[in-house]
Amino acid sequence: MAGEFDEIRTKLEGIAEELADLAITRLRESIDAGGHELPVDERRLTRARRAVEKAINLLREPDDAGWFDD
């Protein structure tokens, strides 16, 4: 069973990277426009990236962990 989630993890890692890049773009756009607060989109993108990273880590755990982390 080891490696059974490798493809999914790889896809999720790509998605997490895309979300991080988009969040950075939003921050740059805000700074360029003279903004002094974090853009709402950046916060949402960061939360989404963290959720994807959590999924990546869950898929790295052994199947017999014996507990679930919601």
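The values are calculated or read from the model by the stated rules, or taken from the named source; none is laboratory data. Computed from a predicted model, the values in this text were never measured in an experiment. Every residue, glycine among them, receives a Cβ derived from its backbone with ideal geometry; neighbour counts consider all protein chains shown.
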Next on the checklist: Against the conditions (1) more than 10 Å from the chain's Cα centre (by Cα); (2) surrounded by 16 or more Cβ atoms within 10 Å (Cβ to Cβ), where does Asp21 fall short? Just the number, please.
Outcome noted: (2)
Next on the checklist: All but one of (1) in contact with a Leu (Cβ under 6 Å, 6 or more places away or on another chain); (2) within 28 Å of Pro62 (Cβ to Cβ) hold for Gly14; state the number of the condition that does not hold.
Outcome noted: (1)
Next on the checklist: Give me the residue from the range 49-60 that is in contact with a Lys or Arg (Cβ under 8 Å, 6 or more places away or on another chain) and at pLDDT 90 or above and, out of that set, surrounded by the most Cβ atoms within 10 Å (Cβ to Cβ).
Outcome noted: Ile56
Checklist entry - Mind checking which residues of the range 24-63 are over 30 Å from Gly3 (Cβ atoms), of a type outside the set (Gly, Ala, Ser) and more than 17 Å from the chain's Cα centre (by Cα)? => result Arg28, Glu29, Ile31, Asp32, His36, Glu37, Leu38, Pro39
Next on the checklist: Give all pairs with beta carbons closer than 9 Å in which a residue from the range 17-46 that is without any contact (Cβ under 8 Å) to a residue 12 or more places away in the chain meets a residue that is not in a helix (DSSP H, G or I); count only pairs at least 6 apart in sequence or on separate chains.
Outcome noted: Glu29/Gly35; Glu29/Pro39
Checklist entry - Among the residues of the range 24-48, which ones are in a loop (DSSP other than H, G, I, E, B) and surrounded by fewer than 16 Cβ atoms within 10 Å (Cβ to Cβ)? => result Ala33, Gly34, Gly35, His36, Glu37, Leu38
